[in-house]
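**Student:** After the structure tokens below, expect a handful of questions from me.
The values are calculated or read from the model by the stated rules, or taken from the named source; none is laboratory data. Please read these numbers as outputs of a predicted model, since none were measured by experiment. Neighbour counts are summed over all protein chains in view; Cβ atoms, including those assigned to glycine, are modelled from backbone coordinates with ideal geometry. Calculation scope for accessible area: heavy atoms of the full protein, side chains included, ligands and nucleic acids excluded. Shrake-Rupley method; radii C 1.70, N 1.55, O 1.52, S 1.80 Å.
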Amino acid sequence: MMFKDKLIKERIPKHVAIIMDGNGRWAAQFGNERSFGHEHGVEAVRSVVEGAGEIGIDFLTLYAFSTENWSRPKEEVDALMGLLVQAISDETDELKKSNVRLQVIGDVKSLPDNVQEKLAWSIDKLSGSTGLTLVLALSYSSKWEIVEAVKRIAEQVKLGKLEPSEIDYDLMNCYLNTSEMPDPELLIRTSGECRISNFLLWQIAYAELYFTPKLWPDFRKEDLFEAIFDFQNRERRFGKTSQQLVS
Ligand code: FPP
């Protein structure tokens, strides 16, 4: 039986986040440049987005470019930005047919103008969709996001519009890039690395973590279904005891 058929429909996570890792190593297996791995990574993105839509996930967040990735060689950064523009141009019609919405988190203003324009074009074109929301984390890092939130909260306090005593978890959530989505229940990282790498640190406080040795360009929707099957077989206690959950 396929993993998809084994999933409990009522317990599909609303939000899944993925750290797509291993493109460079995948390319090296074939003696190719790292950007060859990124190009093939787009096929994995396509498959996973399709799979997420099929099983009714509400939000799928993909870590496509971190703040730290800016320090990679210029050719690789340029190749990644070009690939992003190409992929958005090529895929937007198909995403619209599949009722997918697009959203971006991260320091969008730091992206090249043509990337910003293509993103805005696609977000607008897909704004009427009511199915899966595909969230691309671009020029994103969690520490950056938290610092930005704190700055904006401090500004409100300075203006006398907010009392320090009013600052709580809910208020903090409102100032994060992810304010309009539920926290991810499942975080997947490919390529065998067991790190979070500055991704959604606040939001994954209670997420289940799933690490797979598969390199990102080899990852397909069936692997997503397997991760969700694994997730559905875990006991999520949120600090309570197993006994409390039963009763
Ligand atoms: C990590 O692998 C991957 C990235 C930094 C980029 C991810 C980008 C894509 C999959 C392509 C475009 C994305 C979209 C959303 C269309 P790595 O380069 O760190 O691999 P390594 O750890 O093996 O070196």
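**Student:** If you line up the Cα atoms of the chain on their principal axes, what length do they span on each, largest first, in Å?
**Tutor:** Cα spread of the chain along its principal axes, largest to smallest: 56, 48, 36 Å.
**Student:** Sticking with this one: Report P(r) for region 116-213: all Cα-Cα distances, bin width 10 Å, range 0 to the bin holding the largest distance, values in whole percent.
**Tutor:** 12, 35, 33, 18, 2, 0
**Student:** Specify the inter-centroid distance of region 63-86 and region 193-247, based on alpha-carbon positions, in whole Å.
**Tutor:** Taking the Cα centre of each part, region 63-86 and region 193-247 sit 27 Å apart.
**Student:** Going by average Cβ density within 10 Å per residue, which order do the peptides 211-218, 155-162 take, highest to lowest?
**Tutor:** 211-218, 155-162
**Student:** Using 1/(1 + (r/R0)^6) with R0 = 41 angstrom and r between the beta carbons of LEU209 and LYS109, what's the FRET efficiency to the nearest 0.05? Provide the component values of the computation, followed by the final result.
**Tutor:** Working: r = 31 Å, r/R0 = 0.75.
Efficiency computed from Cβ-Cβ geometry: 0.85.
**Student:** Please report the carbon-and-sulfur percent of the accessible area for the chain; probe 1.4 Å, protein heavy atoms only, DNA, RNA and ligands left out. Can you show the working numbers first?
**Tutor:** On the way: 6780 of 13100 Å².
Heavy-atom surface of the chain belonging to carbon and sulfur, 1.4 Å probe: 52 percent.
**Student:** Over the chain, with the other protein chains present, what is the accessible area per residue in square angstrom, probe 1.4 angstrom?
**Tutor:** 53
**Student:** Output the peptides 179-192, 116-129, 16-29, 222-235 sorted from most to least packed, where packing is the average of other Cβ atoms within 10 Å over each peptide's residues.
**Tutor:** 16-29, 179-192, 222-235, 116-129
**Student:** For the peptides 37-48, 142-153, what is the packing order when you average, over each peptide's residues, the other Cβ atoms within 10 Å and list the highest mean first?
**Tutor:** Ranking, from highest mean packing down: 37-48, 142-153.
**Student:** Would you grab the residues whose amide H sits under 5 Å from the one on GLU208? Only those 5+ places off in sequence or on another chain, please, with H modelled 1.01 Å from N.
**Tutor:** HN-HN under 5 Å from GLU208: LEU186, LEU187.
**Student:** Could you calculate the FRET efficiency of CYS194 with TRP70 from 1/(1 + (r/R0)^6), where r is the beta carbon distance between them and R0 is 25 Å, rounded to 0.05? Write down the numbers at each step before the final one.
**Tutor:** Values: r = 24 Å, r/R0 = 0.96.
The calculated FRET efficiency here is 0.55.
**Student:** By a straight-distance test (C-alpha under 20 Å), which aspartates and glutamates pair with LYS96 as possible cross-link partners, with residues fewer than eight away in the same chain excluded?
**Tutor:** Qualifying aspartates and glutamates at Cα under 20 Å: GLU43, GLU50, GLU54, ASP58, GLU117, ASP124.
**Student:** In nm, give the distance between the simple-model label positions of LEU171 and GLU94, each being 7 Å from the Cα along the Cα-to-Cβ direction.
**Tutor:** 4.6
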